[in-house]
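Values in this text are rule-based calculations from the coordinates and carry no lab data. Since this is a predicted model, take the numbers as computed values, not measurements. No Cβ is skipped: glycine too gets one built from the backbone with ideal geometry, and neighbour counts run over all protein chains shown.
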Amino acid sequence: MSKKIEISIKQIETIDFTKYGQVIRIPAPHEAKPDLKSDIINFYGALGMFNSHDTIEFGICTFNKRDLVFEQLEQHILTQELLYAVDDDFIIPVAPNLIKSSGNLPDLDNLLAVRIRRGQGVIFHRCTWHWVPFPYKEESFALVGFIKDTSKNDLEIIDLDTKVRIKE
């Protein structure tokens, strides 16, 4: 390992996330009016857009509490990915893609650790590097969406040449 990297947790509401993907959340009343409103429902459509030429699958990813350290990142070349915090907040590392002569690599100069609150989600751009979420409680889960069979056919995991520590 050549070096150690430390990154701080950013609140997703306070950063420009556009180089990594889209943020999905219920808008504050001053930000948007519901597309459909009644006594029993407020529906906000088109909070995020998922572009696909193929069938989208939705699943549940469970993940366990562990030290805030990682040495790997993953990406999907062919699809965007939705990660939506269902039961509790989580932290997720994310980096844009950097294309070099040796192929796709994470841009570690723009590596972030973002806190996704329960009821929020992100839709990563294709090729965005990320890792398994770090939950605040012992076990948590997220709704995941991407092109069908992505976990079998479009999953690239790389080993970093460094340990990355997320500091709270």
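Observations
- Within region 12-33, the set of residues being in contact (Cβ under 8 Å) with a residue 40 or more places away in the chain and either under 13 Å from the mean Cα position of the chain (by Cα) or within 21 Å of ASN51 (Cβ to Cβ) (or both) comprises ILE12, PHE17, LYS19, TYR20, GLY21, GLN22, VAL23, ILE24, ARG25.
- Taken together, LEU108, LEU143, LEU155, LEU82 contain a single residue that is in contact (Cβ under 8 Å) with a residue 40 or more places away in the chain, closer than 25 Å to LYS65 by Cβ and buried (at least 21 other Cβ atoms within 10 Å of the Cβ), which is LEU82.
- From the options ASP67, ASP54, ASP88, residue that is under 19 Å from GLU13 (Cα atoms), part of a loop (DSSP other than H, G, I, E, B) and of a type outside the set (Lys, Arg): ASP88
- Matching strands (runs of 3 or more DSSP E) fully within region 103-168 where at least 1 residues are on the phi > 0 side of the Ramachandran plot and of a type in the set (Phe, Trp, Tyr): none
- Flag for LYS4 being touching a strand residue (DSSP E or B) at 6+ places or on another chain (Cβ under 9 Å), surrounded by 13 or more Cβ atoms within 10 Å (Cβ to Cβ), of a type in the set (Lys, Arg) and touching a residue at least 12 places away in the same chain (Cβ under 8 Å): no
- Test: residue in region 35-45 that is surrounded by fewer than 11 Cβ atoms within 10 Å (Cβ to Cβ), assigned to a loop (DSSP other than H, G, I, E, B), on the phi < 0 side of the Ramachandran plot and among the β-branched types (Val, Ile, Thr): yes
- Residue selected from region 7-20 under the condition surrounded by 12 or more Cβ atoms within 10 Å (Cβ to Cβ) and either of a type in the set (A, V, I, L, M, F, W, C) or out of contact with any Ser or Thr (no Cβ under 6 Å at 6 or more places or on another chain) (or both), by the criterion farthest from VAL122 (Cα to Cα): ILE7
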